[in-house]
Amino acid sequence: MASQAAPAGRGRGTNARLIATGAAVLVLLAWAGWQVREQRAAAGRVTGSGSIEATQIDVTPKVAGRVSKLLVKEGDRVKAGQVLAELEPQEASAQVARAQAAVAQAEASVKQAQQAVTSQEQVTRAQVAQAQAQVTMAAARVPQAETALAIEERTARQAVSAAQAQVSSAEAQVGSARSALAKARSDLARQKALLTQGAVAANEVDAAQAAYDGAVAQDRSAAEGVAQARANLASAQASVMQVQVLRQGVEAARANVAQAEAVLENAQSGQTVVAQRRQNLAAAQAALAQARDNLRYQQLIAGHDTILAPMDGVIQTKNVEVGEVVPAGAALYTLLNPEDTWVRIYVREDRVGRVKIGQAARVTVDTLPGRVFSGRVAQINNQPEFTTVNVQTKEDRVKLVFGVKIRLDNRDRLLEAGMPAHADIVVDDEHGPGVRVRPSSAHLPARPYSVGS
């Protein structure tokens, strides 16, 4: 019985050893398979760690002023267009009032300048019209005076010629009458002598006396004719003096034309004054336009007293307090866009050649264990950098790396800036866009430095 039990015990021990050996072999095979899978998986991905980052914007006023209200606090979610803060409006309101007064004054100046232009144009047109009428009238008098002068000259010449001819005729008649008077006087004396001698009758003496008396009368008449002819000649010669007067009238008419033309030229020079008035009007209009532009600017500035959120986001930091005077461009808040998040990892130079823009990535964060976030490679730096100073080993610190930016899907807004993250880039993913970036080491930094995001 004992001998039979011993072989049975040895058989059971052998089976146990065989089972243990088989189990160990299976464990080794499983471990080897897991190692193979891990190696294959590692070969198909590029890993790296970094911190979650997000687009951040400084909310700044466009104008300087004193902060009167801060309506949100750190951590608040805000919508685009939401009022975040307000500045005191008094100074901006005063600037608007001054700009409005300047516009009113400029408008009055434009109105005054326009009235000056209109008035000067009316005065100039009236003066020019009057001067042109005077020139026309003066010019019309010149030919009239010249015609009168020509007629008077011709009439005077004819009158003088006729009077001279009359004088000559009268003087000839005087000579003839005096000759006849001398003969009648001689005949009368002879008859009277013959009568004394009794050689002629008394009636013959009477006839000689009558002839003498007729010759005396004829001589007197001829003398009077000469006097009248000379008077007529003097009158005709006096008319020549009238010709001189008319000639002076022609010269005066011509002088009046010249004077009227000078007056017209002076009136037309008023157009220069009109041009000056128009220049003044243009300057006033330009000043008005500038004043209106300044008013619109001041009104726009006054509208900047209310500070609005430029986008949806989360208030990360509040940088000022109520009552502080801030300059234009000072950051009142820092606003994060939680939907625009990414993680930047640094890939070694010998592996970055496998990374392509558009490749898928899986990202995990320590604060959300078991949760995987999807992402895509959005940027690969084309210049190498030295590894950052927080690398543990000295050997790794002198290696060149390339920054890779992975944009994340954070539509649930679970990821927040600053969270540590680990990223796996699926370099064998055939569904991505696949734009390969070849690293370049042509320009290397002179010394190691820390590279931020």
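Could you tell me whether Gln120 is within 45 Å of the chain's Cα centre (by Cα) and of a type in the set (S, T, N, Q)? So Gln120 fits the description; yes.
Only one of the numbered conditions (1) buried (at least 19 other Cβ atoms within 10 Å of the Cβ); (2) in the same structural domain as Thr60 (by TED's automatic domain parsing); (3) under 30 Å from Lys73 (Cα atoms) is violated by Leu368, and that is (1). Of the candidates Val274, Val226, the single residue that is in contact (Cβ under 8 Å) with a residue 24 or more places away in the chain, farther than 30 Å from Ala189 by Cα and assigned to a helix (DSSP H, G or I) is Val274. Within the stretch 123-150, can you find the residues that are closer than 23 Å to Gln237 by Cα and at pLDDT 85 or above? Of everything in the stretch 123-150, those that are closer than 23 Å to Gln237 by Cα and at pLDDT 85 or above turn out to be Thr147, Ala150. No other residue among Glu251, Glu261 is assigned by TED's automatic domain parsing to the domain that holds Ala162, farther than 30 Å from Gln120 by Cα and modelled with pLDDT of 85 or more apart from Glu251.
Check Lys62, Lys69 and return the single one that is of a type outside the set (Asp, Glu), modelled with pLDDT of 90 or more and out of contact with any helix residue (DSSP H, G or I) (no Cβ under 6 Å at 6 or more places or on another chain).
When all the criteria are applied, what remains is Lys69.
Screening Val273 against (1) modelled with pLDDT of 90 or more; (2) surrounded by fewer than 17 Cβ atoms within 10 Å (Cβ to Cβ) leaves a single unmet condition, (1). Among the residues of the stretch 54-94 satisfying the criterion of being within 35 Å of the chain's Cα centre (by Cα) and among the small types (Gly, Ala, Ser), which is surrounded by the fewest Cβ atoms within 10 Å (Cβ to Cβ)? Here the answer is Gly81.
The values are calculated or read from the model by the stated rules, or taken from the named source; none is laboratory data. This structure is a prediction, so every number in the text was calculated from the model and none was measured. A quick note on method: Cβ atoms are made from the backbone with ideal geometry, for glycine too, and the neighbour counts reach across all protein chains shown.
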